[in-house]
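A short reminder: the numbers here are calculations on the coordinates, not readings from a lab. All values reported here derive from a predicted model rather than from experimental measurement. FYI the Cβ positions are ideal-geometry reconstructions off the backbone, even for glycines, and counts take in every protein chain you see.
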Amino acid sequence: MKSESRFGPLIERYATGGPTLAYAVAGLSPEHEKARPGPGAWSIAELVAHLLDADLVLAERMKRVLAEDEPVLQAFDENAWAARLDYQAMSVEEAVNLLIANRRWMAQVLRRCVEADFARAGRHSERGRQTMAEVLSTVVNHIDHHLRFLYAKRANLGVALPPRYTAQ
């Protein structure tokens, strides 16, 4: 069932994020996944683990906004998570598979939303009031933002791939 709201195209971009990420990491060796070429300080493994954790956090925020009245949306320190949770040791394949499953699950929820659901809001602990539409837009744009770094890292490792983004 597709959402009847004007947010349908954004929901579909959200739904394609997992397969888009799977494409972006296809064919990488474990050495490529753990290397730290520029741009940025993270390896591809760390970047993908970050994408998964951010995706899970943002999915939880969307659920809270949909289910609760003005919930608190707690910020998190992405660099502390990467260091303390040892993202470098995480499996890229498992992270991608979990992100795909999470987005598949949440896309079902989002497609059932009515227009008014996207105006519901929570209070972010650092940024203040955020609507459901803003949280959804953040999570969709987040993966595309990091894919730019991932494709550049692949090129710097000599394993370039024609870029794909959720907006395509």
Q. In a shell of Cβ-Cβ distance under 12 Å around N141, excluding N141 itself, what net charge do Lys and Arg (+1) and Asp and Glu (-1) give?
A. 0
Q. Percentage of Cα-Cα pair distances in region 8-156 greater than 27 Å, rounded to whole percent?
A. 23
**Q.** Cα gyration tensor of region 1-78 - equivalent ellipsoid semi-axes, whole Å, descending
**A.** 30, 19, 9
Q. For the peptides 26-33, 12-19, what is the packing order when you average, over each peptide's residues, the other Cβ atoms within 10 Å and list the highest mean first?
A. 12-19, 26-33
Q | Nearest 10 degrees, 0 to 90: helix 44-67 Cα axis against the chain principal axis | A | 10
